[in-house]
Amino acid sequence: MLTIDPQAVGEIKGQVSLEGPAPTPRKLLLSGEPECAQLNPNGLFSPEIGVGSNGALKSVAVYIRSGLGNYHFDTPQSPAQLAQHNCMYEPRVIALMTNQTLAIQNQDPIQHNVHPTPRDNPAFNMTQPIHGPPIEKSFAEPELAIRFMCTLHPWMRAYVFVFSHPYFDVTSDAGTFDLKNVPPGSYTVEAWQEKYGTRDQTITLGPHQSETLNFVFKN
């Protein structure tokens, strides 16, 4: 098992953007769900494509896909947080490490359920009552884009990424990401967006280097 030299680590950062006109947000039909409609008096729109100023794409998962050696990484002790709020999952995309706790909260005054459909980890389907305690789960196997649903409100979606290493981020409203404390090496870095798929780039990072990558998706 290799040990990372903290004196040699670098950084991979950058931005993800959309080329072309931003699509019009799709309005969700809530006519059959009066409680959700009441929570969203101005309507509810699908967040599958979040575009900010200058085409910045938010909620894009960016991560080292390959190239890491056999390093040991400690599991974070603090849980990652996923909420059901105003009849939506928030955030839309979230990432955590293997065996790290994912705490799922129902912040709404109505009942939801939590139903992920993983390929490499066990699935579950649990009711989450009003004001109930968080559902806490962890995932032993790395897996990309586990889809979470609420089968009571079928438009509700979230995507959970599980990694065996800490070199991942989800882009901000400005479309930016930052992978810190990366050991020197040659890597494939991938960006995932739920509608547009993936883009990847290769990079060689030397000791103490900071490199910038920009990913562009086309509409």
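See the values below:
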quantity	calculated
Stretch gain in nm, segment T198-S164, where the contour uses 0.36 nm per residue and the Cα spacing is subtracted	10.3 nm
Stretch gain in nm, segment T176-T75, where the contour uses 0.36 nm per residue and the Cα spacing is subtracted	33.9 nm
Net charge over other residues, Cβ less than 15 angstrom from the Cβ of Y167 (K, R count +1; D, E count -1)	-4
Residues K13 and S138, FRET efficiency given R0 of 22 Å [Cβ-Cβ distance, rounded to 0.05]	0.20
Max mean-square fluctuation residue, GNM over the chain, Cα-Cα springs under 10 Å, options D108, D178, D120	D120
Net charge of neighbours whose Cβ lies under 11 Å from the Cβ of L179, counting Lys and Arg as +1 and Asp and Glu as -1	-2
Hypothetical label at H208: residues of the range 1-40 whose amide nitrogen lies under 12 Å (7 Å Cα-Cβ projection)	7-10
Pairs beyond 26 Å (Cα-Cα), from K27/K180; K137/K218; K13/K137; K27/K195	K27/K180; K137/K218; K13/K137
Full-stretch length increase - S46, K27 - with 0.36 nm per residue and alpha-carbon distance subtracted	6.2 nm
Computed label-point distance, nm, for sites V216 and I4 using a 7 Å Cα→Cβ extension	3.1 nm
Relative contact order %, the range 1-72, counting alpha carbon pairs below 8 Å whose residues are six or more apart	43 percent
Positive minus negative residues near A140 (Lys, Arg vs Asp, Glu; Cβ under 15 Å)	-2
Fraction of accessible area attributable to carbon and sulfur, the chain (%, probe 1.4 Å)	48 percent
Highest-fluctuation residue, N106, N125, N70 considered, GNM on the chain with Cα pairs under 10 Å	N70
Gap separating the Cα centres of the range 172-198 and the range 138-158, nearest whole Å	21 Å
Given charges at beta-carbon only (K, R positive; D, E negative), |dipole| of the range 83-193 in Debye	180 debye
The range 117-194, relative contact order in percent, only Cα pairs under 8 angstrom and at least six apart counted	20 percent
Average accessible area per residue (Å²) across the chain - probe 1.4 Å, nucleic acids and ligands excluded	50 Å²
Radius ratio Rg over Rh of the chain, counting only Cα atoms, Kirkwood formula for Rh	1.00
Cα-projected label distance for E90 with N54, points at 7 Å along beta-carbon direction, nm	2.7 nm
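The values are calculated or read from the model by the stated rules, or taken from the named source; none is laboratory data. Keep in mind that this is a model prediction, so the values were computed, not measured. Positions of Cβ are generated from backbone atoms using ideal geometry, with glycine treated the same way; all protein chains shown enter the neighbour counts. Remember, those area values only see protein heavy atoms, side chains included, never the ligands or the DNA or RNA. Shrake-Rupley method; radii C 1.70, N 1.55, O 1.52, S 1.80 Å.
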